[in-house]
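Take a look at the structure below.
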Amino acid sequence: MKRLLAAVLLLSSAALAAPAKHITSPTEAFGFQPGTDRKLADWKELTAYFQKLGSESDRVRYEEVGKTTEGRPFITVTISSPETLAHLDHYKEIARKLADPRITSPDQAKQLVVDGKTVLVVTCNVHSTEIASSQSATEFAYQLATGDTPRIRAILQNVIIVLVPSLNPDGEQLVVDWYKKYLGTPYEGSNPVVLWHHYVGHDDNRDWSSFTQVETRLAVEKVINPWHPQILYDIHQMGANGPRIYLPPWVDPIDPNVDPILVEAMNALGVNTALEIGQTGKQGVLVHGVYDFWSPLRDYIALHNGLRVLTESASVNIASPIEIPFEKLDRGIGYDAKVSAWNFPDPWKGGAWRLHDIVDYQIDAFFSIANHAAVFRERYLNDYYKIGVRAVNRQEGPYAYVVPAEQTDSAAAARLVNILRIGAVDVDQATADFDAGGKHYSRGSYIVRLGQPFGSFAKTLLEIQQYPNIPEYPGGPLQRPYDVTAQTLPLLFGVTAVAVDEKFTATTSKVDVAKPAGGRFEKSANGFGYLIADRTNSSLYALFALLKDGVRAYRLTGAGTEPGTIYIPQQEGVEARLAAIADKFPVDIHAATAAPAGDALLVRLPRIALYQSWVPSMDEGWTRWIFDQNNIPYTRVVDADIRKGNLNEKFDVVLIPDNSARAITTGRGGPGEGAPAPAAATEKSGKSQSSAASENTRGPKQIPEYAGGLGEDGLTSLKAFTENGGTIITLNKASQVYTSESSEVSDALATVNRKEFFIPGSILEVSVDLTNPIAFGSTASVPIFYENGPTFKTHGGAQSIASFTTDKPLLSGWIQGGQFLKGTSVIAEEPVGKGHIILFGFRPQYRAQSEVTYKFLFNALLYSSSTTQLLAESR
Ligand SMILES: [Zn+2]
């Protein structure tokens, strides 16, 4: 009887919790256990596995939420109790109501907290070489699908886990393919020589305030916005020689727009997870180091009332084990990996480090976080509602931002509003004129009121950043910002947005998607041709499109016209083409009242070579993205193409995106290049996509066919190209290929003590020479995004096109050593033979954000194929 009862009990508990049917383990599916040395499941295998798990387990739901840039499935795996999974829409609705106190009273919220579940979004593998988490994800899901421990039951009962096994599936596949290709060769474990996101490589986690990439849009619009997670766990890896794993608390400063409850909650969660990892006997766990909590570019969730907990694990060579002697362990912000400290109580002793170690630490971290989300379900939901209440009832100014209807670039203004809309910010549009803050605004102006659930996201994107000066110790040198310090979109976009402190009223309608003013085409009655004002990027996109279509076009430089004005003479079939252009672009094409006369540039479609280094440059990818978005034709060229010579036959211009001069000239395997990234912090904003393993590790050899950079032959070929009339454009650090004491453009900062000068990413003001064709369409002073780039002194025939005129050029962010910039140039042109070199000391197309300076790059490209002409007085 007793036995029977026991059997019945066993049976009923099995029926409740343990799955009746066989559930495939990752080991069965892949033929190896996730984390096995030198074994990786690729994206095809991972999606097939999660799909299978979804079909076998009633605790797991597989969903393809969209396609990646290269067309692969972008998936989520939702995990909870079967009862919860059966009512996901109900729980989404609870989350939506808790997020918005404008539709939910405190009493209603109380009941929603009782009924709701903590939502935990887990994002893996955003950085593709940080491969372990894509593998660990299968264990997270399998253990939750099959486990029957009290902890797993508590998690399933209280939490909805939305697992994103890779935020960049294209990169997961690319890295696994690359790894397998070189497995067993001297190059095993090396990093790919191309960006592992089609466009943006490692910058794919710097896109959370502009949403340019498909994957970011999917994560925001299909996962985070509809689910309103209270916690987002984002899994990374860092250098090999620091701590074994690192978690929050972060170091200062904190973005002032993040609610203090979130900071406290994140500190508590990070410290608790560190404790629970330490309790298993695992060593080398660090909290409170490495990163600050400033930039929304990589932290969307904290400005959407949830908290982001991140782990960084020490890397291996992709999936190949490494050996790290204790004495090679290094130091970084907040730690010395050899020394015990309050935030790092149990240093790791060195030795072998394998993929499996990373997976094990990640599994511990994941289950600790998921359990915390279960135990504190009520607290997380209460806090989530409370933070929303505080956001809606904010007292301090500004009350709102107004984006006036009258803008130089209506397309940029619309893009700005649409970024806010993607970020779940409510935006209104005035349906009648109104007054606010003592100013009059026209109908059509946009109003962004900050007293709304995600008002802090809007505020941080719209306001001027004041990154604080934090001394390392009282009276000591200033702590250096970890990442870029400014993201003020109105400055970067060249859009006017006015902060209004006092409350005001206006008649408005809700904006779903903002649309720029439509293009206009006015047919000429007199045959004098057509003019397009040149003030916006759209006018240049239109010009590229017309040139591609074979239309003859000029840019006027003579007296009586605004320099750069686009002139389309009367020609066969031009009306139909211009009408089509006005349909496509927000440009105003009007009939000339007389035939323009005087100086002009005849513009041809430039034949653009875009240089792609084998030390991958994110800037190259961003450039390519902007070209592709706007149908600007170009050809990718690699070292071998340039070394071959005869460039003038094929190209008018060679564009060399940001990369170190050494990477460009000596390439991978050159001194210090292609070598793995220093110490911790692969989240770091590097110029080239960095390797995860540290340089103290015996890294894999460089692959010969990708070694060497441009080399002597490449540089000679480029010299001949300019001598024969070609143009070279260099961006940011790439300009140092061409700055030297003996050339006409030298590096003005070459001898500056770098302890006194540091600007890791701020918006600065420069003055522009408007007569130069590179500056057509600009304003006399313009905000640039500047990141420690070279600035120039010009000599001889070289000219400066834009320069710093003050020692206080800071518009937003942080600056140290502004006095060294005063009087130096940031865009310089050096004539060489029949051609020239145009050097930028910054990235004019910075991360597809600095819309206001794109024109300098487009102008430089167009100028490469322009010829000076005198337009006759009469036709
Ligand atoms: Zn990372």
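Computed values, structure above
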quantity	calculated
Shape of segment 107-200, Cα gyration tensor, a/c cut at 1.5	oblate
Residues with amide H under 5 Å from that of Gly332, placed H, sequence gap 5 or more	Ala337
Inter-label distance for Glu712 and Asp58, nm, one decimal - labels placed 7 Å from Cα along Cα-to-Cβ	7.5 nm
Integer Hz, Karplus 6.51/-1.76/1.60 couplings in order for segment 293-304, x for Gly and Pro	10, 10, 7, x, 4, 10, 9, 6, 5, 5, 9, 10
Cα shape, the chain, gyration tensor, a/c 1.5 rule	prolate
Cα-projected label distance for Tyr187 with Arg443, points at 7 Å along beta-carbon direction, nm	6.4 nm
Residues of segment 630-652 with amide N under 12 Å of the 7 Å Cα→Cβ point at Ala720	642-649
Dipole of the chain, positive end: most advanced residue of Trp625, Ile703, Ala370 [Cβ charges, Cα centre]	Ala370
Gain in span if fully extended, Ile103 to Thr593, counting 0.36 nm per residue against the direct Cα distance	170.7 nm
FRET efficiency, Arg217 to His87 (Cβ-Cβ, R0 30 Å, nearest 0.05)	0.65
Violating pairs (Cα-Cα greater than 18 angstrom) within the set Lys459/Lys855; Lys515/Lys548; Lys97/Lys117	Lys459/Lys855; Lys515/Lys548
Tyr91, Tyr482, ranked by accessible area, largest first (probe 1.4 Å)	Tyr91, Tyr482
Antiparallel bridges, percent of DSSP beta bridges restricted to segment 500-657 (to nearest 5)	60 percent
Gyration tensor (alpha-carbon) shape descriptor, segment 706-804, a/c threshold 1.5	oblate
Virtual spin-label span in nm between Arg96 and Gln571, 7 Å along Cα→Cβ	5.3 nm
Computed magnitude of the charge dipole of segment 283-345 (debye, nearest 20; Cβ of K, R +1, Cβ of D, E -1)	100 debye
Relative packing of peptides 512-521, 486-495, 415-424 - highest average C-beta neighbours within 10 Å first	486-495, 415-424, 512-521
Förster-model FRET efficiency, 41 Å R0, Gln157 and Asp177, C-beta, rounded to 0.05	0.55
Square roots of five times the Cα gyration tensor eigenvalues for segment 56-174, Å	29, 19, 12
Long-range amide H partners of Asn241 with built H, under 5 Å	Ser694
Computed lengthening from His22 to Gln629, 0.36 nm per intervening residue step minus Cα-Cα distance	213.7 nm
Surface accessible to a 1.4 Å probe, Ser864 within the full protein complex, Å²	20 Å²
Rel. contact order, % - alpha carbon contacts under 8 angstrom, at least six apart, the chain	12 percent
Considering only the chain, percent of DSSP beta bridges that pair antiparallel, nearest 5	65 percent
Within the chain: Cβ-based charge dipole about Cα centre, in debye rounded to nearest 20 (Lys, Arg +1; Asp, Glu -1)	1020 debye
Neighbourhood net charge (9 Å Cβ-Cβ; Lys/Arg +1, Asp/Glu -1) for Gly437	-2
Karplus 3J(HN,Hα) series, Hz, for segment 831-836 with 6.51 cos²θ - 1.76 cosθ + 1.60 (x for Gly, Pro)	x, 9, x, 7, x, 7
Residues Lys349 and Lys701, FRET efficiency given R0 of 22 Å [Cβ-Cβ distance, rounded to 0.05]	0.15
Whole-Hz ³J(HN,Hα) from phi, Karplus 6.51 cos²θ - 1.76 cosθ + 1.60, for segment 841-852, glycine and proline x	x, 7, 9, x, 10, 2, 6, 6, 10, 8, 3, 5
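The values are calculated or read from the model by the stated rules, or taken from the named source; none is laboratory data. None of the values given here were measured: they were computed from a predicted structure. Positions of Cβ are generated from backbone atoms using ideal geometry, with glycine treated the same way; all protein chains shown enter the neighbour counts. In case anyone asks, the SASA skips ligands and DNA or RNA and just uses the protein heavy atoms, side chains included. Shrake-Rupley method; radii C 1.70, N 1.55, O 1.52, S 1.80 Å.
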